[in-house]
1. Taking the Cα centre as origin and putting +1 on Lys and Arg beta-carbons and -1 on Asp and Glu beta-carbons, what dipole magnitude results for region B:2-143, to the nearest 20 debye?
2. Can you give me the relative contact order of chain B as a percent, contacts being Cα pairs under 8 Å and 6 or more apart?
3. Give me the lysines in straight-line cross-link reach of residue B:523: C-alpha distance below 25 Å, same-chain residues under 8 apart excluded.
4. For the protein assembly as shown, what is the per residue volume of the convex hull drawn over the alpha-carbon atoms, in cubic angstrom?
5. Cα-based Rg (one decimal) and Dmax (whole number) for region B:236-358, in Å?
6. Picking from B:271, B:498, B:474, whose Cα lies most toward the positive end of the charge dipole for chain B (charges on Cβ: Lys, Arg +1; Asp, Glu -1)?
7. Report the residue, chosen from A:164, A:140, A:132, that carries the largest GNM mean-square fluctuation when chain A is represented by alpha-carbon nodes joined by springs under 10 Å.
8. Region B:327-372 to region B:248-287: how many Å between their Cα centroids?
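Just so it is clear, none of the values below were taken in a lab; they were calculated from the coordinates. Here the structure is a predicted model, which is why all the values come from computation and not from measurement. Note that each Cβ is placed from the backbone with ideal geometry, even for glycine, and that neighbours are counted across all protein chains shown.
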Amino acid sequence: MRRRRAECNRPGPGPRYSRAMSVLSVTEHGLYCPAGDFYIDPWAPVDRALITHGHSDHARPGHRRYLATDTGAPVIRHRLGAIALETIRYAETRRIGAAMVSFHPAGHVPGSAQIRVEVAGEVWVVSGDYKPGPDGLSEPFEPVPCHTFISECTFGLPVFRWRPQAQVMAEIRDWWAENAAQGQASLLGAYALGKAQRLLVGLGDSGGPILTHGAIEATCRVMRAQGIALPDTVPVTPETDPRTHPGALVLAPPSALGSTWARRFGQASTGLASGWMALRGVRRRRAADRGFVLSDHADWDGLNAAIRATGAERVLMTHGYTGPFRRWLAEQGYDAGIVATAWEGETTEGDAE
Amino acid sequence: MKRFAALYTALDRTTRTTAKVEALAAYLAEAPEPDRLWTVALLSGRRPRRAVTATRLREWAAERAGLPLWLFEDCYPVVGDLAETIALVLPPPAQDSDLSLSARMTDILAMAAMDEPARKAAILDAWDSLGGTERFLYTKLLTGGFRVGVSQTLMTRALARATGQDEAELAHRLMGDWTPATTSWQTLIEAPDPAAALSRPYPFYLAYQIEGPPEALGVPADWIAEYKWDGIRGQLIARGGVHFLWSRGEDLITDRFPELAVARDFLPAGTVLDGEILAWKDGRPLPFAALQTRIGRKTVSKRLLAETPAAFVAYDLLEDGGTDIRARPLAERRARVEEIIAGVPPGGPLRLSPVLPFDDWQDLARTRGAARAAEAEGVMLKRADAPYLAGRKKGDWWKWKLDPLTVDAVMIYAQAGHGRRATLYTDFTFAVRDGEALVPVTKAYSGLTDAEFREITAWVRKNTLQRFGPVRQVAPELVFEIAFEGIRASPRHKSGLALRFPRMARWRRDKPAAEANTLDDLKALLEAPDRDAGSEGQRGA
Ligand SMILES: [Zn+2]
Ligand SMILES: [Zn+2]
């Protein structure tokens, strides 16, 4: 069945974007700019890759040359090892072939970028993953005026509406305090890159000890080394005795929650921080004690506002609820289409990012 | 409503029964009495009828949210629940109100008499004054679909803790056809009520399916065997010159079976029989499908009475001469049932469920094997010295049903589940081989673990051939063993067959699609004795 995979993974029915794409077009390797002979977040090895951010569906190994933001680069290097990586500052303009490119804050994780590509006066912006609301950690999202906006829509349905971050953090604090009062650890599942540090910043002043799983601690170390201020954490090692940290908050990747690794914390209360926790069905299926609705992606209102702010006439959807969101935009008067990419949004399982 | 929403959240958040009972007991001790009464009503399945159609709710919610209807419809399968979808798409509430649960319920009940514009205005106003969980619950209550993972037994336990009353006494009080509109907390729970006591049934004792070979139960002499009938479990009550018939769903169905009025004439005063209601003609039971023609009718025509007469087949006695004898051993209670039925004219609608004699387990296995010929589903095993317990308790009563029939079939369509399983593909259509072709024969959506559903969901995503709305046609590769209880010819189905109670028995990872069963294999089962009957519900032990 592997042979069918290529067609089957594509988004569902709905018009595909078929018009000749002057600035960017999809090839089997990824989103390609013929004028500059480069790709953005390609999914197969290429000569030159512009990378929006370090999540594994966007920053993949095997390219000959990489270009990423200076603040996003350390994590990408950490994840991909010895690669030929050049960096660029936000808003700095660089010529690649006949294209002018610049990177702009996407507010998704530290160093994450939207990539602006201008060819002969025609401006396209690739959103990567983005979140318009401030999270206290990532460089805040900035709308970039363009003719064509290529946008993700992971949470592109009107059932997804985030509450202010402070409210969600307060909920997590209450849960943590409740567990601590009963001498229980609070085991909170969150992505190792971005979400975990966002939680740290949001909860770090609570006074209680925060323990970290190795995957999260490694990313924290990289960020601290580049000068991002993060609250103190206690890395969990094979020698860690949970009894010396009663009532601690333990940050771990979602996949570690039900694992033998988690067993050392005994009767811990488990929580998950994800946009998908907005749905009761997902909350219950994931079998964590608590679900906290916290996403590093735009919600319905965020997507609509961000798209409006670009002033774009044409919007192309990459991943998420592309079908309904395209139709919605078309009804709002946009020239809307879908481009099939291999990028993923926040997943319900939490193993991709 | 806020207090009720907090209770719901607490109950929904935990799977631990102790935590659920604790949360519920606290609520039942502290909430205002009308709210307690409503909570007890809702948790015992006494939901008001749906106040408005789902179609109208969708339209009004989409309109209020400023969304095209198609977009609302696209959200629904993702969320998997109509009330939750509505709660999520509506804008945040403009007003803050804390009308109590009982006030909200009274409003909902009043909607039945309203014209549509008034009903719409009332609902929009409520939506606009409720946030988050409260809005979700309110909408659930509107649609008549409110459910929470608390069994009646747990609820009764919590109620006992909150009121300091005896659990069994409370279980007794809660039965019957009361609603919050016809009673009060004081009357139902606190005050003695002799009139209501006359009709009150006992909680049914429910059996478990036996898990291994019956040898594990020990000595055959300790056990009493009977047929496991395929009818409606019922309690026939004769007290004070009147009679009552209750079904296991705790519905009073006296009027639907007028032939059982003979109970007034022939049962001693203060008799409560436990047994099975069956369609019965010419000395033998008719298939369940025949009984179904009687269930839905409030008034029964003479013709129907003649065509499909019903009988009450008794197998236990709970009250004898006005005394609760549930604590007496079964053997003693059975002996009394036999005496009582012996005093009833033979051949009539009051019958005895015979004891099936057996010397050893082999012997009983043979009787069970022939159960189908007696229109039974298998046999029941009841410990001779056991009291009559309330609810489903393991140990004394076992059902030993006939083995289900099975077929190995190929999955051809998959659809996402609902509620808890909204993001998983759990509803499948299965086909059997017919030459080179695959003919769909049944749908099934239960029987696998969450882990298996997750694995299949990942597979479905990668092996989709075509999409039809929420349904995906998948590569015909996965084979599942489908268990079912019966099969009948059905011209409505493409295969010409319909399976009864199909479910996935296991995933046959070892079998390629080419080795799945054929349509001819299934047709051969049609020749076998008729096992067909109707729907589940209040049936069986
Ligand atoms: Zn990302
Ligand atoms: Zn992504």
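1. On the way: 18 positive and 19 negative charges, 97 e Å.
The dipole magnitude comes to about 460 debye.
2. The normalised contact order for chain B reaches 13 percent.
3. B:401, B:443, B:494, B:511
4. 198 Å³
5. When restricted to the Cα atoms of region B:236-358, Rg and Dmax are 14.2, 42 Å.
6. So the residue furthest toward the plus end is B:474.
7. Checking each option, the largest mean-square fluctuation is seen for A:164.
8. 17 Å
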